[in-house]
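Data first, discussion second: the structure below is written as structure tokens.
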Amino acid sequence: MASKGMMPAIKSMLPAKLRTSLGDARRGVRNTFRAARKRIARADLYRLDTPERVGVVFTAPSDMRIDERLFLYSFIRGFKPQRALEIGVARGGSAAIITNAMEDNGAGRLVGVDPTPDLRIDMKHLHGRYTLLTEYSPQAIPAARDAAGGPFDFVLIDGLHMYDQVKKDIAGVVPHLADGAYILFHDAFHYGVATAIREAVEADDSLVDCGYLCRTANVAADRWTPYNGFRLLRRASASDGKSVDVEHVVGPLYAAAGRQRPPLRRDALNHDVWYCREVSPCERCRAEASAGNGSTAEPLAKPDAATAGSSPVNL
Ligand SMILES: C[S@@+](CC[C@H](N)C(=O)[O-])C[C@H]1O[C@@H](n2cnc3c(N)ncnc32)[C@H](O)[C@@H]1O
């Protein structure tokens, strides 16, 4: 076998072309290993022992930043919309993120509106939760509502980023929102988008501005305006007013779990299951204990099957 010291001599005997290709191959292998190592050492996400489809945020063909993709996925997972609208589809990246989160929820439909979509995803990866209308917003919004089966509880506006168009998109969408619906704007740092949002909020008391939730602006894409950013509006529900009423929100969740909702009482406001058990019982726990109908606090409940996997409820 050739010793290490002989390698340069052997190499020099090889034709120059072969030497170059061997060098390229070695560099290629080294780069592949480096990339693989970097990927493996990345976020704990890859190590989660979970059937969640959160990995879609890495593969979806979209111009959204990673923080925006993660926010969008998490928002859909958490809020659990039943009927969603997306204005601006392009390659289908945001559609993939939303429908995969819906599939994880076990509920939800998304209708996309775009006159010239360029889908780069396999429809089967949208889990039968997607309808595409190859039409313009705002004209197509009533048909989108029909396709969704009712008023929208979530809308992503990411169509034409021009003040005039965003104004029309918002005006077109508002009459088709359910109480408590959210409107999420992408590229919300764009001056035209931001101005249209501000004017809509100022003109309509039912729209609550939740501000910029993803706030890394792309200041290099264009000379005249920044891009990227997520901004959220909420349509206050008639029953809640400007602020959310917790009883209204949790009522259907208790019902879905087949449990009776504990009444919201003044003497339970300073109750905390851990504090009452480990440190000192609250007024309510004390009263209950002295009446002899309960311990100072129930043990911390493990999430049971009924609540952990409860069917999503339209809030
Ligand atoms: C920024 S891309 C959408 C990206 C997509 N939401 C994603 O992240 O994967 C904007 C899209 O809006 C579409 N568009 C332009 N004018 C529109 C309109 N009036 N109604 C609906 N879509 C429109 C364009 O065809 C383009 O595909």
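Overview of values
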{"read-out": "Magnitude of the charge dipole, the chain, Cβ model with Lys/Arg +1 and Asp/Glu -1, debye to 20", "value": "2240"}
{"read-out": "Förster radius 45 Å - calculated FRET efficiency between Ala256 and Asp67 (Cβ-Cβ, nearest 0.05)", "value": "0.90"}
{"read-out": "Total charge dipole magnitude, the stretch 56-235, about the Cα centre, Cβ charges on Lys, Arg, Asp, Glu only, Debye to nearest 20", "value": "360"}
{"read-out": "Once the Cα gyration tensor of the chain is diagonalised, semi-axes √(5λ) in Å", "value": "46, 33, 18"}
{"read-out": "The stretch 56-235 shape via C-alpha gyration tensor axes, a/c threshold 1.5", "value": "rounded"}
{"read-out": "Over the chain, relative contact order from alpha-carbon pairs under 8 Å, at least 6 apart, %", "value": "12"}
{"read-out": "log10 of Debye I(q)/I(0), alpha-carbon scatterers only, for the stretch 66-157 at 0.10, 0.19, 0.21, 0.23 Å⁻¹", "value": "-0.21, -0.79, -0.98, -1.18"}
{"read-out": "Relative contact order of the stretch 56-235, defined on C-alpha pairs under 8 angstrom at six or more residues apart (%)", "value": "19"}
{"read-out": "Highest to lowest packing among 73-81, 11-19, 203-211, 89-97, scored as the average C-beta count within 10 Å", "value": "89-97, 73-81, 203-211, 11-19"}
{"read-out": "Leading residue at positive end of dipole, the chain (Cβ point charges), from Pro8, Thr50, Leu133", "value": "Pro8"}
{"read-out": "Fraction of beta bridges assigned by DSSP in the chain that are antiparallel (%, nearest 5)", "value": "40"}
{"read-out": "Charge dipole of the chain about the Cα centre (unit charges at C-beta), most positive-ward option of Leu184, Trp274, Val219", "value": "Val219"}
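Every number in this text was worked out from the coordinates using simple rules, so none of it is lab data. Here the structure is a predicted model, which means the values were calculated and not measured. For neighbour counting, all protein chains shown are included, and Cβ atoms are generated from backbone atoms with ideal geometry for every residue, glycine included.
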